[in-house]
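The values are calculated or read from the model by the stated rules, or taken from the named source; none is laboratory data. For clarity, every value in this text was computed on a predicted model and none was experimentally measured. Heads up, the Cβs are rebuilt from the backbone with ideal geometry, glycines too, and the neighbour counts pull from every protein chain shown.
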Amino acid sequence: MTPDVKIAPIKRVIITTRKTEEPKLASLNFTEADVKALSKIKKDPTWLAKRRLDAWKKFASLPMPTLNDEAWRRTDLRSFKWNDVQLSALDSKFKPKRVPATYLKPLVGKEQGGQLVINAGKIESGGTASALKRKGVIFTDLLTAAAKHPTLVKKFMGKAVAASEGKFAALTEAMMENGIFLYVPKKVEVTLPLHSIISVSGSSRFHRILVVLEEGASVTYVHELVSSDNKEKTLHTQIVELLVGKNANLKFVELQSLGMSAWNFTHERARVGKDGKLDWIFSAAGSHLTKNFSEIDLDGDGAWGRMSGFYFAEGDQHLDHDTQQNHNAPHTTSDLLFKGALRDQSRSVWQGMIHVAPGAQKTDGYQANRNLVLSKAARADSIPGLEIMADDVRCTHGATVGQLEEEHIFYLMSRGMPRSEAEKVLVDGFFDPIMQRIAFEGVITRLKKQILQKMSESGSGE
Amino acid sequence: MTTVLEIRNLHVSVANKQILNGVNLTVKQGEVHALMGPNGTGKSTLAYALMGHPHYTVTAGQVIFKGADLLELKPDERARLGLFLAFQYPVAIPGVSVANFLRTSINARRRAANAEDKGMPIPEFRKMLKSKMELLKVSADFAGRYLNEGFSGGEKKRAEILQMATLEPEIAVLDETDSGLDIDALRVVADGVNALMGPKMGALVITHYQRLLNYIKPQFVHIMLGGKIVESGGPDLALHLEEKGYDWVREKYEDKVEAK
């Protein structure tokens, strides 16, 4: 039976054209000679030097993203002065301030399996428990790893994020001055958490983080990104790769606590093997502007991945998180919750996608983004998305942008709390579901401190 | 000195509509007053106006509380002075546990009294909360639940009374605390209120029905109609209402109160 379908005639067609961009696009002053000079200073093995040059070619061939690119529609880079950026890694006279001790305190538990501090591209302090070393765990800076464990680094670097993925991925691969390498061998369970801090200073810094868990391995790893100067305009780009093997279990906490003037661009991806588990926690409190691409690829049957995000923007901060949950195999589960608050004239963007590949049946995907807008001038954009190519799946999503309710504030004030205190309690309550997911006491304390600080600052901070 | 809440010729409007047309009422510490009246007569408006809800505009009159001009104060200042409102429809506060909420309220008071105060120590708070919960026969898991979220009608009212018990007001306004409760829940809530009543607390119990007054015994009963208190008396006035309903009040005062 053919249904009788009537199509209403189209009466009016509206065509809107997006405003054309100014053609003048600034770029970095870096050259291929800079890349070679960096290779020399960093004593690159040949393969790494070659990869840098290949990435540099890629970088040069890609245009700077503009508002015409779908992923960059809501993040405007035009005000950034690319010409002013210096390659700080080549500045031999650069003397960074030491990383303050407050950052070195453990954020998970009291005891740590190891801690690494990278400051201005160089290792400032570091140590791994000898028991872990005996088991074959490698937790060191990326340059040392490339020199001492070239086979491993060469094998895994780029497995999750390719230089060709974007302008800033290519830039990071070309200019990478250091980073973290964590390798946990087959069936090794690291019980004490690992902790690393990268401190950013100068005009530009480029890092990459590579985490590899072989089959059946498990670890909890906390990484924090900080600036040594809150007002310094530093360009920071980063690649994060998390490779979670079959039956492996990674808890990764990533705290972005950059200074308020940093411009931050990252490409991050996790790949999770059969029955592997990844619990990935993000926080973003710092930076003037952040554009973060985070993806989780559930590659093996039964893989599980959870992404929990916290952000709080103030002043003229702009935080843009672009997430993707890729279900590439059947029986995979993903669960994303990003919650953010905004005050002053700050802005946030969250754009999420759940992608279910053909044949990835019995998958369960969830994504939710909740925003709390605390001032009239602040703005949150929340764009969920589903792309489902299999028919036996369950995928749900939700996105909300709300404000504090006057009735709630009145209720709290009627109990004796001044308005500012009432608002703080409500904001804490808003974030509670994300704190529950984070579960690590030290991390929660850190985030609550950031909330308190952001709530008590008056005006735009600067 | 006995705390006094004195309402003088109070006129209140909501969204440009006049609701209260000159309320006069004095409630002292240790006294229980019942405010009764048909629906839509302004009883809850009085409660909200006393607490300082931003949507309620006082157009004339005065409220003196402990010698201060109450209407000049913000809601939190009124609360810290010793006024409490048990809401008819308390809102749910997601993500904030009952215990956390109460501790923050107590600490806000302590800090207002002394900026250097570090807040009530957690063990002391826990002990205090436990004793209040036992007094009100509230189950122990209550403290950890998000305030009013997913609470039944009875639980919400019990949470209000628990807050009252913890904050120890000098004058409490209970707005339709009986509404939406079955007889068992009503008894539990009334027992709680009675347990807290005494020489240190005065109460204005707002209710539409006489049945609450079987459990909470007022010394004074007032009837509100058309935004005014039209009749005041002793407990027998409530019994009279129970027997005759509100019709006789309407008949007696209809022409005296402004038409709505």
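Quick notes on this structure:
- Against the conditions (1) over 30 Å from A:ASP84 (Cβ atoms); (2) within 15 Å of the chain's Cα centre (by Cα), A:VAL219 satisfies every one except (2).
- Residue match in the stretch A:269-288 (condition: touching a Ser or Thr at 6+ places or on another chain (Cβ under 7 Å) and more than 22 Å from A:ILE434 (Cβ to Cβ)): yes
- In the stretch A:421-453, residue farthest from A:LEU342 (Cα to Cα) [restricted to those that are among the small types (Gly, Ala, Ser) and within 12 Å of chain B (Cβ to nearest Cβ)]: A:ALA422
- Considering the stretch B:84-172, the qualifying helices (runs of 4 or more DSSP H), each wholly inside and each with 1 or more residues that are at the interface with chain A (Cβ under 9 Å from one of its Cβ atoms) and touching a helix residue (DSSP H, G or I) at 6+ places or on another chain (Cβ under 8 Å), run over B:98-113, B:153-167.
- Against the criterion of being away from every other protein chain (no Cβ under 14 Å), among the small types (Gly, Ala, Ser), in a strand (DSSP E or B) and over 24 Å from B:PRO90 (Cα atoms), A:GLY365 qualifies.
- In the condition set (1) closer than 21 Å to A:LEU182 by Cα; (2) part of a loop (DSSP other than H, G, I, E, B), A:ASP229 is compliant with all but (1).
- Scanning the stretch A:89-130 for residues that are among the β-branched types (Val, Ile, Thr) and modelled with pLDDT of 90 or more yields A:VAL99, A:VAL117, A:ILE118, A:ILE123.
- Selected residue (only one of A:LEU372, A:LEU426, A:LEU412 is in contact with a Gly (Cβ under 7 Å, 6 or more places away or on another chain) and modelled with pLDDT of 95 or more): A:LEU372
- Among the residues of the stretch B:54-79, those identified as at the interface with chain A (Cβ under 9 Å from one of its Cβ atoms) and either surrounded by fewer than 22 Cβ atoms within 10 Å (Cβ to Cβ) or polar (S, T, N, Q) (or both) are B:PRO54, B:HIS55, B:LYS74, B:GLU77.
- Options A:ILE281, A:ILE296, A:ILE239; residue that is of a type in the set (Val, Ile, Thr), in contact with a Phe, Trp or Tyr (Cβ under 8 Å, 6 or more places away or on another chain) and touching a residue at least 60 places away in the same chain (Cβ under 8 Å): A:ILE281
- Selection status of B:SER97, under 20 Å from the mean Cα position of the chain (by Cα) and of a type in the set (Gly, Ala, Ser): no
- All positions within the stretch A:248-285 that are buried (at least 21 other Cβ atoms within 10 Å of the Cβ) and touching a helix residue (DSSP H, G or I) at 6+ places or on another chain (Cβ under 9 Å): A:VAL253, A:LEU255, A:PHE265, A:THR266, A:HIS267, A:ARG269, A:ILE281, A:SER283, A:ALA285
- Given (1) in contact (Cβ under 8 Å) with a residue 60 or more places away in the chain; (2) in a helix (DSSP H, G or I); (3) closer than 29 Å to B:ASP247 by Cβ; (4) within 13 Å of chain A (Cβ to nearest Cβ), number of the condition B:SER44 does not satisfy: (4)
- Of the residues making up the stretch B:182-197, at least one is at pLDDT below 95, away from every other protein chain (no Cβ under 14 Å) and in a loop (DSSP other than H, G, I, E, B).
- Top-ranked residue in the stretch A:403-420 [being surrounded by 21 or more Cβ atoms within 10 Å (Cβ to Cβ) and facing chain B (nearest Cβ under 7 Å); ranked as farthest from B:PHE101 (Cα to Cα)]: A:PHE410
- Segments classed as strands (runs of 3 or more DSSP E), wholly inside the stretch A:244-351, with at least 2 members that are of a type in the set (Ser, Thr, Tyr): A:289-298, A:304-313, A:333-342
- A:ALA377 being aliphatic (A, V, I, L, M) and away from chain B (no Cβ under 14 Å): yes
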